[in-house]
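J.: Dumping the structure here so I can ask a few things about it.
The values are calculated or read from the model by the stated rules, or taken from the named source; none is laboratory data. All figures in this text were calculated on a predicted structure; none of them were measured in a lab. Cβ coordinates were reconstructed from backbone atoms using ideal geometry, including for glycine residues, and neighbour counts include every protein chain displayed.
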Amino acid sequence: MATSIRSRLTLVGLARPGSTIEARWIVGHPMETGFRLDDGGQRIKQNIITSIRVRVNDKPVLDMVPGTGLSSQPYFAFPVVVPAGGGTVTVEWRDDRGDSGSTQQAFVLVP
Amino acid sequence: MAKLLRRRSLALNAFKVLGALGSLSALPWLAARSAHAQAVPKGVTPSSTTSSPVTSAAAVADDTEPDNASPLARSLKAQRLPSDGIVLDFPRLADTGNAVPLVIDVQAPAGLTVVALEILLPENPNPNALLLALPEPLVSYRFSTRLRLAASQDAWVIVRYSDGSKRAAHAPTIITSSACFDGT
């Protein structure tokens, strides 16, 4: 399902093959808990990301299952190991309304 | 599509497994609590002939949580998991609970790797904040995120290693305005 929610992935540090660098990912998702009430006293429907998958060159490196205890516009920083030949990091997410999206970022290799 | 569904069900299964662990760990808490309930009347009922009631009451108070601690917080504490190799960077005073930064630094014991991490917020309406699984285990792991807290509490991080052992660390924080229920 198409979504207007945007996310950004940044790779921090010198990407030497074999080294571990930090990836930072932020997504503009409301992460509505489902515990809040609107002005009319009606419960606001829950809308949270239910799964996040990180892959390096199509190899899964991190699976996350968020709950309601994450802030809105959730932010994650995690290590990724730079493969010998470089490549890309892909983050895919999916929420409980069926929205989904993905972000990609390529390693800029440093010899 | 089928692939995505399978992935999702895998993730859900992982959550179920942890949920089952959590329900098992609630049992020691029940036991501890009933022991506590018995211990207090014992200490109080003898009249003031001896000084032992005071000391026993102090001993009990020393080993218990504040009365408002949730069952999950008590059960986590009761498990007495070692916290070696886990460093949490968490603000002592966060003011608003909407986005509290947490940095986790895990160093696995010699010969082991980090397989999974779980962040629990025991005083939240839904304590499961985040579950992480590493398909490619690493020896050290540095992870940060931002949490939403409904009340002042200890944030718990449970780490699972490649041999199936668990370690846990917790860090307290004080919230002056709650998230989850109101505001943003």
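J.: Return the residues of the stretch A:4-23 that are surrounded by 15 or more Cβ atoms within 10 Å (Cβ to Cβ) and under 15 Å from A:ILE52 (Cβ atoms); say none if nothing qualifies.
T.: A:ILE5, A:SER7, A:LEU9, A:ALA23 - these are the residues of the stretch A:4-23 that are surrounded by 15 or more Cβ atoms within 10 Å (Cβ to Cβ) and under 15 Å from A:ILE52 (Cβ atoms).
J.: Within the set of pairs 6 or more residues apart or between chains, which connect a residue that is within 7 Å of chain B (Cβ to nearest Cβ) inside the stretch A:68-84 to a residue that is assigned to a loop (DSSP other than H, G, I, E, B) and surrounded by fewer than 18 Cβ atoms within 10 Å (Cβ to Cβ) with Cβ atoms less than 6 Å apart?
T.: A:THR68/B:ASN126; A:SER72/A:PRO30
J.: Being under 21 Å from B:ALA179 (Cβ atoms), β-branched (Val, Ile, Thr) and in contact with an Asp or Glu (Cβ under 8 Å, 6 or more places away or on another chain), is that true of even one residue in the stretch A:50-61? Walk me through it before giving the result.
T.: Quick first cut of the stretch A:50-61, residues under 21 Å from B:ALA179 (Cβ atoms) only: A:50, A:52.
From the residues that got through so far, the ones that are β-branched (Val, Ile, Thr) too are A:50, A:52.
Now restrict to residues that are in contact with an Asp or Glu (Cβ under 8 Å, 6 or more places away or on another chain): A:50, A:52.
Within the stretch A:50-61 (the criterion being under 21 Å from B:ALA179 (Cβ atoms), β-branched (Val, Ile, Thr) and in contact with an Asp or Glu (Cβ under 8 Å, 6 or more places away or on another chain)), the answer is yes, since at least one residue qualifies.
Yes or no, residue by residue, for (1) within 17 Å of the chain's Cα centre (by Cα); (2) farther than 17 Å from B:THR173 by Cβ; (3) hydroxyl-bearing (Ser, Thr, Tyr):
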site: B:GLY111; (1), (2), (3): no, yes, no
site: B:VAL114; (1), (2), (3): no, yes, no
site: B:LEU117; (1), (2), (3): yes, yes, no
site: B:PRO122; (1), (2), (3): yes, no, no
site: B:LEU132; (1), (2), (3): yes, yes, no
site: B:PRO137; (1), (2), (3): no, yes, no
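J.: For the stretch A:90-106, enumerate the residues that are crowded, with 22+ Cβ neighbours inside 10 Å and modelled with pLDDT of 95 or more.
T.: Restricting attention to the stretch A:90-106, the residues satisfying the condition of being crowded, with 22+ Cβ neighbours inside 10 Å are A:91, A:93, A:95.
A:VAL91, A:TRP93 - these are the residues of the stretch A:90-106 that are crowded, with 22+ Cβ neighbours inside 10 Å and modelled with pLDDT of 95 or more.
J.: Something else now. Somewhere in the stretch A:36-43, is a residue in contact with a strand residue (DSSP E or B) (Cβ under 9 Å, 6 or more places away or on another chain) and exposed (fewer than 15 other Cβ atoms within 10 Å of the Cβ)? Lay out the reasoning, then the answer.
T.: Looking only at the stretch A:36-43, we keep the residues that are in contact with a strand residue (DSSP E or B) (Cβ under 9 Å, 6 or more places away or on another chain), and these are A:36-37, A:43.
Subset that is exposed (fewer than 15 other Cβ atoms within 10 Å of the Cβ): A:37, A:43.
Yes, the stretch A:36-43 contains at least one residue that is in contact with a strand residue (DSSP E or B) (Cβ under 9 Å, 6 or more places away or on another chain) and exposed (fewer than 15 other Cβ atoms within 10 Å of the Cβ).
J.: What number goes with the only condition from (1) farther than 20 Å from A:SER7 by Cβ; (2) surrounded by 19 or more Cβ atoms within 10 Å (Cβ to Cβ) that A:SER51 does not pass?
T.: Only one criterion in (1) farther than 20 Å from A:SER7 by Cβ; (2) surrounded by 19 or more Cβ atoms within 10 Å (Cβ to Cβ) is unmet by A:SER51, namely (1).
J.: Applying the selection to the stretch A:24-35, what residues are over 12 Å from the mean Cα position of the chain (by Cα) and surrounded by 17 or more Cβ atoms within 10 Å (Cβ to Cβ)?
T.: Just the residues of the stretch A:24-35 that are over 12 Å from the mean Cα position of the chain (by Cα), to begin with: A:30-35.
Residues satisfying the conditions are A:MET31, A:GLU32, A:THR33, A:PHE35.
J.: Same structure, new question: Scan A:GLN42, A:GLN46 and give me the residue that is more than 7 Å from every other protein chain (Cβ to nearest Cβ) and without any contact (Cβ under 8 Å) to a residue 40 or more places away in the chain.
T.: Values: A:GLN46 fails: without any contact (Cβ under 8 Å) to a residue 40 or more places away in the chain.
Of the residues listed, the single one that is more than 7 Å from every other protein chain (Cβ to nearest Cβ) and without any contact (Cβ under 8 Å) to a residue 40 or more places away in the chain is A:GLN42.
J.: Restricting attention to the stretch B:156-179, does a residue exist that is in a strand (DSSP E or B), touching a residue at least 60 places away in the same chain (Cβ under 8 Å) and within 10 Å of chain A (Cβ to nearest Cβ)? Outline the logic, then answer.
T.: Looking only at the stretch B:156-179, we keep the residues that are in a strand (DSSP E or B), and these are B:156-161, B:166-177.
If we keep only those that are touching a residue at least 60 places away in the same chain (Cβ under 8 Å) as well, we get B:156-159, B:166-177.
Okay, now just the ones that are also within 10 Å of chain A (Cβ to nearest Cβ), so none.
No, every residue in the stretch B:156-179 fails to be in a strand (DSSP E or B), touching a residue at least 60 places away in the same chain (Cβ under 8 Å) and within 10 Å of chain A (Cβ to nearest Cβ).
J.: Filter the stretch B:77-99 for residues that are aliphatic (A, V, I, L, M), more than 16 Å from B:ALA169 (Cβ to Cβ) and crowded, with 17+ Cβ neighbours inside 10 Å and give the result.
T.: Just the residues of the stretch B:77-99 that are aliphatic (A, V, I, L, M), to begin with: B:78, B:81, B:86-88, B:93-94, B:99.
Then drop every residue that is not more than 16 Å from B:ALA169 (Cβ to Cβ), which leaves B:93-94, B:99.
Hits for the stretch B:77-99 are B:ALA94, B:ALA99.
J.: Which of the residues belonging to the stretch B:115-128 are over 14 Å from A:VAL61 (Cα atoms) and surrounded by 18 or more Cβ atoms within 10 Å (Cβ to Cβ)? Break it down stepwise before answering.
T.: Of the residues in the stretch B:115-128, the ones over 14 Å from A:VAL61 (Cα atoms) are B:118-128.
Within the stretch B:115-128, B:GLU118, B:ILE119, B:LEU120, B:LEU121, B:PRO122, B:GLU123, B:ASN124, B:PRO127, B:ASN128 meet the criteria.
J.: Now for a separate question. Filter the stretch B:129-149 down to the residues that are of a type in the set (S, T, N, Q) and surrounded by fewer than 20 Cβ atoms within 10 Å (Cβ to Cβ), then identify the one that is farthest from the other protein chains (Cβ to nearest Cβ). Please lay out each step first, then the result.
T.: Let us first name the residues in the stretch B:129-149 that are of a type in the set (S, T, N, Q), namely B:140, B:144-145.
Add one more test, that the residue is surrounded by fewer than 20 Cβ atoms within 10 Å (Cβ to Cβ), and what stays is B:140, B:144.
Numbers: B:SER140: 8, B:SER144: 4 Å.
Only one residue tops the list, namely B:SER140.
J.: Right, another one. Which of the residues that make up the stretch A:51-67 are more than 7 Å from chain B (Cβ to nearest Cβ) and polar (S, T, N, Q)?
T.: The answer is A:ASN57, and nothing else.
J.: Further question on the same structure: Answer yes if at least one residue in the stretch B:74-83 is out of contact with any Asp or Glu (no Cβ under 7 Å at 6 or more places or on another chain), within 10 Å of chain A (Cβ to nearest Cβ) and on the phi < 0 side of the Ramachandran plot, and no otherwise. Show your work before the answer.
T.: Residues of the stretch B:74-83 out of contact with any Asp or Glu (no Cβ under 7 Å at 6 or more places or on another chain): B:75-76, B:78-83.
Of the ones still in play, those that are also within 10 Å of chain A (Cβ to nearest Cβ) are none.
No, the stretch B:74-83 has no match at all.
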